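The values are calculated or read from the model by the stated rules, or taken from the named source; none is laboratory data. If you're wondering where the values come from, they're calculated on a predicted model, not measured in any experiment. Every residue, glycine as well, gets a Cβ built from its backbone with ideal geometry; the counts of neighbours run over all protein chains shown. Calculation scope for accessible area: heavy atoms of the full protein, side chains included, ligands and nucleic acids excluded. Shrake-Rupley method; radii C 1.70, N 1.55, O 1.52, S 1.80 Å.
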Amino acid sequence: MKKKILLIHTGGTISMQTQEDSGDVTTSEQNPVRFQSERLSDFADIREEEIFNLPSPHITPAEMFSIRQLILSYRRTEKIDGAVVTHGTDTLEETAYFLDLTIKEDFPVVLTGAMRTSNEIGSDGAYNLMAAVRVAADDAAKGKGVLVVLNDEIHTAQNVTKTHSSNVSTFQSPQYGPIGIVTKRAIHFHHSPLKREYFDIDSIGKKALLLKVFAGMEGDIVDAAASLDYDGIVLEGLGQGNVPPALLPAIRRTMDKGIPVVLVSRCFNGIAQAVYAYPGGGRMLTDEGVIVAHGLSGQKARLKLLIGLCNGSDINRIFS
Ligand code: ASP
């Protein structure tokens with residue numbers, strides 16, 4: 001029997017068109033990837049929803065939460081076997097990771113998008129959508145967490161990132177690679193994530209900030225953030241997780257206010273860890289209470305911190 005797949009459209013280039021005269025890319029009144037269920041019916045029995053039609057820089061954790069709620073409500077009421085979400089590629093990895101952390105059941109949830117609009121030559125939207133539906137309908141996709149499918153590759157939500165501003169092969173998982181591929185005849189998985197995490201949340205009532213550390217950075221911006229109503233801060237540190245010593249007093253003041261400070265590396269390969277014991281080094285920071293998020297990018301660590309805060313988790317524990 002064909003799998004029942006919920007297809008949710010949220011907007012992005014996959015739903016946009018290029019204007020012939022100006023070359024500008026604009027949102028279409030009529031989403032070009034809607035109403036393709038007949039085309040997709042070879043692979044699945046499709047239920048379709050257009051929850052919104054937003055460029056993905058307009059997506060916030062509130063929209064991510066609405067997508068999660070819609071998926072869970074269809075799972076409960078219509079017993080869907082999986083879900084596919086079409087999404088703008090700029091923040092696709094963040095929505096994917098948000099859903100990965102907040103959906104417990106192991107049915108497939110697959111995000112896809114496009115780098116070329118629906119009326120451009122070589123448009124990749126319809127193709128990526130078909131590939132995503134095929135993956136969501138495949139038994140082997142179960143239990144692998146939320147997946148991202150574009151350009152015939154299958155990536156985990158945790159590791160995938162947009163690496164190129166315009167190339168169709170933009171989605172990569174630095175250091176790890178894709179966990180599977182889509183071919184004309186089949187879906188092939190060659191890896192499986194070792195562990196999954198789940199946080200139950202019922203609203204987005206907290207704020208978390210991400211700051212990129214740079215040579216010569218001073219503590220004023222950290223103090224400013226701590227004086228606003230942020231509940232947690234992620235620092236994308238240098239190398240293995242080090243910061244200029246000028247940040248130290250501000251980091252201490254922030255933690256004294258009970259605001260957790262989480263450290264990741266701004267390198268896109270490798271992890272932050274407590275190694276360097278000089279002032280501002282990772283060893284010193286962790287000794288003082290800064291929490292290291294191993295192997296997550298800044299934007300993913302910030303989402304995990306936000307979700308952990310919303311769930312009332314012990315922030316030290318969720319990053320251990
Ligand atoms: N700026 C677009 C968006 O994220 C890019 C895309 O969808 O590929 O909505």
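If you take the alpha carbon atoms of segment 133-196 and fit the smallest convex hull around them, that volume is 83 Å³ per residue. Computed from phi, the 3J(HN,Hα) profile of segment 301-315 under the Karplus parametrisation 6.51, -1.76, 1.60 (θ = phi - 60°) reads 4, 5, 5, 5, 4, 4, 5, x, 5, 5, 8, x, 6, 6, 5 Hz, with x in place of Gly and Pro. Starting from the Cα gyration tensor of segment 202-276, take the square roots of the eigenvalues, sort them a ≥ b ≥ c, and report rounded, prolate or oblate (rounded when a/c is under 1.5, otherwise prolate if a/b is larger than b/c, else oblate). In terms of gyration-tensor shape, oblate.
Here segment 44-161 is treated as a Stokes sphere of Kirkwood radius computed over C-alpha pairs; at 25 °C and 0.890 mPa s its diffusion coefficient rounds to 172 µm²/s. A simple count of charges around Asp106, restricted to other residues whose Cβ falls under 12 Å of its Cβ and scoring Lys, Arg +1 and Asp, Glu -1, yields +1.
If you take the square roots of the eigenvalues of the alpha-carbon gyration tensor of segment 1-109 and sort them as a ≥ b ≥ c, do you get rounded (a/c under 1.5), prolate (a/b over b/c) or oblate? It comes out oblate by the Cα gyration axes. Across segment 224-241, coupling constants 3J(HN,Hα) worked out from phi with the 6.51/-1.76/1.60 Karplus curve, θ = phi - 60°, read 4, 4, 5, 8, 7, 9, 7, 9, x, 10, 9, 9, 8, x, 8, x, 7, x Hz, and Gly and Pro carry x.
Between Val275 and Ile221, what's the calculated FRET efficiency when r is the beta-carbon distance and R0 is 25 Å? Round to 0.05.
0.50
Average projection, convex hull of the Cα set of the chain: 17.1 square nanometres. Whole-Hz Karplus values for segment 268-278 come out as 8, 10, x, 10, 7, 7, 7, 10, 7, 9, 6 Hz, taken residue by residue from phi with 6.51 cos²θ - 1.76 cosθ + 1.60 and θ = phi - 60°; glycine and proline positions read x. Whole-percent P(r), segment 262-308, all Cα pairs, 10 Å bins from 0: 30, 50, 19, 0. Each of Arg252 and Ser313 was given a label point 7 Å from its Cα along the Cα-to-Cβ line. The distance between the two points is 3.0 nm. When the square roots of the Cα gyration tensor eigenvalues are ordered a ≥ b ≥ c, the ratio a/c for segment 216-318 is 1.5 or more and a/b does not exceed b/c, which makes its shape oblate. Between Phe268 and Thr77, full extension at 0.36 nm per residue minus the direct alpha carbon distance yields a gain of 64.7 nm.
Can you give me the accessible area per residue for the chain, using a 1.4 Å probe, in Å²?
Details: 14360 Å² over 320 residues.
On a per-residue basis, 45 Å².
Provide the percentage of antiparallel DSSP beta bridges, counting only those with both residues in the chain; round to the nearest 5.
Working: 15 of 44 bridges.
Within the chain, antiparallel bridges account for around 35 percent of the total.
Treating each Cα of segment 138-278 as one equal point scatterer and applying the Debye formula with no solvent, the log10 of I(q)/I(0) at q = 0.12 Å⁻¹ comes out as -0.68.
Under 5 Å between amide H atoms, partner at least 5 residues away or on a different chain: which partners does Arg47 have, H built in plane at 1.01 Å? The list, which skips near neighbours in sequence, is Ile5, Leu6, Leu7.
Of the cross-linked pairs Lys162/Lys207; Lys195/Lys257; Lys2/Lys304, those separated by over 28 Å at the C-alpha level are Lys195/Lys257; Lys2/Lys304. The simple Förster model, with R0 at 45 Å and r as the Cβ-Cβ distance, assigns Arg47 and Val25 a FRET efficiency of 0.95.
Relative contact order of segment 1-124: 38 percent, from C-alpha pairs under 8 Å at least 6 residues apart in sequence. Neighbours of Gln36, meaning other residues whose beta-carbon lies under 15 angstrom from its beta-carbon, give a summed charge of -3 when Lys and Arg score +1 and Asp and Glu score -1. Annotation: amide H-H contacts under 5 Å for Phe171 (H modelled 1.01 Å from N, sequence separation of 5 or more, or interchain): Thr163.
Near Val85, the amide H atoms lying under 5 Å from its own belong to Ile8, Val110, Leu111, Thr112; only residues 5 or more places off or on other chains count, and H is placed 1.01 Å from N.
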